[in-house]
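I have placed the structure first, in the form of structure tokens, so that the comments after it can refer back to it.
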Amino acid sequence: MRRILITNDDGIDAGGIHRLAEAAKEFGEVWVVAPAHQRSAASHSITLRDPIDVFPHDFPVEGVHAFSCSGTPGDCVRVGSLNIMPKKPHVVLSGINFGYNAATDIQYSATAGAAFEAAFQGYHAVALSENIDDDHEVTNAYLKDMLKEALKVKLDYGQIVNINFPGCPLSEFKGIRRDVTVSRSSFYKDRYKVVEHFEGGGLRLMVNGIYNEKCEEGTDFKAIVDNYISFGIVNNIG
């Protein structure tokens with residue numbers, strides 16, 4: 001039987017990972033090792049100078065072996081596959097992330113970072129993301145189909161399948177765009193606002209990006225903006 005390890009960056013209690021685990025049960029034996037807390041934008045970071053604590057965790061999907069981890073999503077892949085699971089996984093699924101992982105945001109995404117760690121470890125890796133709002137009609141309708149397709153994709157070393165589900169109602173969904181490239185644009189243009197001034201000239205800043213939908217044709221970003229599922233292969237370094 002296919003062994004599947006699932007992680008995310010929103011934390012083990014996030015709804016997206018519960019829905020992914022439920023869908024993944026159709027494709028094999030499911031293990032979940034996910035962060036105990038929110039770890040978005042942790043990228044591909046791992047823990048080197050602090051211990052990593054792992055505990056069994058109550059999980060709402062029957063038949064799933066679930067553990068919370070004090071480390072990053074990348075740590076979850078490493079300790080999950082090397083220490084928690086009795087045998088290494090065939091597949092690692094990362095998500096379903098609360099917010100798109102497309103365009104330049106992939107560089108910061110710990111959802112993608114966990115999938116890249118899985119690819120480095122030699123596992124078939126898939127990252128999945130959806131709109132930050134609560135409209136998940138397209139995800140729920142097409143999740144299993146996209147998983148089935150992603151598991152058949154031939155990947156080279158360091159590659160992952162990256163899937164983004166648009167946040168539109170199913171009635172406005174236009175289809176699937178495959179073989180999309182990664183956009184060089186981003187959903188938010190960088191900007192910080194000053195929220196406090198300190199003595200001595202110090203500043204306290206908070207990110208305050210400007211929303212953007214300008215992007216290139218044929219890209220993951222454009223697919224999402226146009227209400228398509230974005231389905232593509234992303235290369236990491238190495």
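The values are calculated or read from the model by the stated rules, or taken from the named source; none is laboratory data. Remember, it's a predicted structure, so these values are computed and weren't measured experimentally. Glycine also receives a Cβ, built like all others from the backbone with ideal geometry; neighbour counts cover every protein chain displayed.
Before moving on, here are some points about what is shown:
Yes/no per residue for (1) out of contact with any Ser or Thr (no Cβ under 8 Å at 6 or more places or on another chain); (2) part of a loop (DSSP other than H, G, I, E, B); (3) at pLDDT below 95; (4) within 15 Å of ALA114 (Cα to Cα):
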| site | (1), (2), (3), (4) |
| --- | --- |
| MET1 | yes, yes, yes, no |
| LEU5 | no, no, no, yes |
| HIS18 | yes, no, no, no |
| ALA24 | yes, no, no, no |
| GLN38 | yes, yes, yes, yes |
| ALA42 | no, yes, yes, yes |
| ARG49 | yes, yes, no, no |
| ILE52 | no, yes, no, no |
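- Within the range 1-26, restricting attention to residues that are without any contact (Cβ under 8 Å) to a residue 40 or more places away in the chain and charged (D, E, K, R), the residue that is farthest from PHE59 (Cα to Cα) is LYS25.
- Test result for SER68, over 24 Å from PRO166 (Cα atoms), in contact with a strand residue (DSSP E or B) (Cβ under 8 Å, 6 or more places away or on another chain) and in a helix (DSSP H, G or I): no
- Residue under evaluation PRO89, criteria (1) buried (at least 20 other Cβ atoms within 10 Å of the Cβ); (2) in contact with a strand residue (DSSP E or B) (Cβ under 7 Å, 6 or more places away or on another chain); (3) not charged (D, E, K, R); (4) not in a loop (DSSP other than H, G, I, E, B), criterion not met: (4)
- Identity of the residue in the range 161-196, more than 23 Å from LEU20 (Cβ to Cβ) and of a type in the set (Phe, Trp, Tyr), that ends up surrounded by the most Cβ atoms within 10 Å (Cβ to Cβ): TYR188
- Listed by first and then second residue, the pairs with beta-carbon distance under 9 Å, at least 6 apart or on different chains, first residue in the range 115-133 and in contact (Cβ under 8 Å) with a residue 60 or more places away in the chain and farther than 18 Å from ASP105 by Cβ, second of a type in the set (S, T, N, Q) and not in a loop (DSSP other than H, G, I, E, B), are ALA118/THR7; ALA118/SER81; ALA118/SER94; ALA119/GLN159; TYR123/SER81.
- Number of positions in the range 226-236 that are surrounded by fewer than 18 Cβ atoms within 10 Å (Cβ to Cβ) and more than 17 Å from the chain's Cα centre (by Cα): 2
- Subset of the range 134-150 (residues that are in a loop (DSSP other than H, G, I, E, B) and either under 16 Å from the mean Cα position of the chain (by Cα) or crowded, with 23+ Cβ neighbours inside 10 Å (or both)): HIS136
- Inside the range 139-178, residues that are among the charged types (D, E, K, R), closer than 30 Å to HIS90 by Cβ and in contact with a strand residue (DSSP E or B) (Cβ under 6 Å, 6 or more places away or on another chain) make up a count of 2.
- Contacts under 9 angstrom Cβ, first residue in the range 97-108 being farther than 15 Å from GLY232 by Cβ and small (Gly, Ala, Ser), partner modelled with pLDDT of 95 or more and assigned to a helix (DSSP H, G or I), 6 or more apart: GLY99/THR111
- Options ILE46, ILE52, ILE12: the member that is crowded, with 20+ Cβ neighbours inside 10 Å and hydrophobic (A, V, I, L, M, F, W, C): ILE12
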